């Protein structure tokens, strides 16, 4: 392999880790980071078990051959682990000491919002950090797309299509709970793609984005009435997708309500199968783009940046701004904290949230028109 001179000669090694929930495409990102760095003459250390491995010194040197044949693999070859010790300064200092011991000047972290909080803590110890968003929930607000989202949705579609076959045979209604944490994007997109008769997500049902601010009971009643009309018109099977963000046991309770309304309703929870499987083309491609850019940021001497997408283009996002945007969108940043931010950040955050909410409302309206 032809080596290209590094942009920053004082960068000796780059570390790469995956943290939080696994997501299809993480391995493709690890591969991209490794090969992008090695091609520039920079050595790479794979950090096992996320921040836990960084504290405990569980590192393995990666070469271009170490990452052969992992682009198509689900999960994460670096493994992932929860690490409460890293939440406190002594643990963060241990991680920084490991970086010094292994002569690591920068680390690319692959994961979600918790992963990026850890990266910010590490950067305060003098380590250059860059973040790659990887979560099937696609709930990192600052980026249009997170690695793993497309693969998870394709898994959902495949499984729901199979349920449709038996639902059609027996004239049943299948209520399917899908993952997404508090974000309903998997349910919303997949619901449209499978022709669902109803899509129940927190953003619409609880957060006031529904039609005319309808209550949950209103939304359920409209859905049930629409299903009855469709039955009259000859429809035999019904699919309803509910996000886990609707709350514990919501989908099961909805199934019972539908049974009480006269439908032969069955419940299915897809759960963690949505995390597994070979990544799709989109996730492999996105992971490669983001991994390469993350290395460039480290070599440019930059830190506290997330690489993401806006309008299908790779962008760099300030990590602290991304955290504030994410918390504000999810209702975890108080008005008092929000108004402490600069006016430019406040304006950008408000505009970003308004766009995202408008996109969700538009998709939901499409789903209602398609559900007849």
Of 286, 294, 29, the most mobile residue in a GNM of the chain (C-alpha springs, cutoff 10 Å) is 286
antiparallel share of DSSP beta bridges within region 1-109, to nearest 5, in %, is 30 percent
Residues 169, 230, 243, 174 in order from fewest to most other beta-carbon atoms within 10 Å are 169, 230, 174, 243
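Provide the gained length on full extension for the span residue 346 to residue 87, in nm with one decimal, where the gain is 0.36 nm per separating residue minus the Cα-Cα distance.
Full extension from residue 346 to residue 87 adds 90.5 nm.
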Projected area averaged over all directions for the convex hull of the alpha carbon atoms of the chain, nm², comes out at 19.2 nm²
Candidates 188, 341, 54; GNM for the chain (alpha-carbon contacts under 10 Å) flags as most fluctuating 341
Residues 367, 215 in order from fewest to most other beta-carbon atoms within 10 Å are 215, 367
The chain: relative contact order from alpha carbon pairs under 8 Å, six or more residues apart, as a whole percent, is 21 percent
Subtracting the Cα-Cα distance of residue 157 and residue 332 from 0.36 nm times their residue separation yields 59.9 nm
quick note, the chain, DSSP beta bridge pairs, % antiparallel (nearest 5) is 25 percent
Under 13 Å by backbone N from the virtual spin label 7 Å along Cα-to-Cβ at residue 264, the residues of region 206-243 are 236-238
Per-residue ellipticity at 222 nm attributable to helices in the chain (runs of n ≥ 4 DSSP H, -39500 (n - 2.57) apiece, nearest 500 deg cm²/dmol) works out to -14500 deg cm²/dmol
Out of 320, 222, 336, a Gaussian network model of the chain with alpha-carbon springs under 10 Å gives the largest mean-square fluctuation to 336
Rounded to one decimal in nm, the spacing of the 7 Å Cα→Cβ label points at residue 369 and residue 235 is 1.6 nm
Helix 319-329: inclination vs the chain longest Cα principal axis, degrees, rounded to 10, gives 20 degrees
Expressed in µm² per second, the diffusion coefficient of region 153-275 from the Stokes-Einstein equation, with Rh the Kirkwood radius over alpha carbon pairs, at 10 °C and 1.306 mPa s, is 111 µm²/s
Proxy exposure order for 365, 177 (fewest C-beta within 10 Å first) is 365, 177
In nanometres, the difference between 0.36 nm per residue of separation and the alpha-carbon distance of residue 253 and residue 311 is 17.0 nm
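Any read-out appearing in this document is the output of simple, stated calculations on the displayed coordinates, not a laboratory observation. These numbers were taken from a predicted model, which means no experiment stands behind them. So basically every Cβ, Gly included, is an ideal-geometry build from the backbone, and we count neighbours across all protein chains shown.
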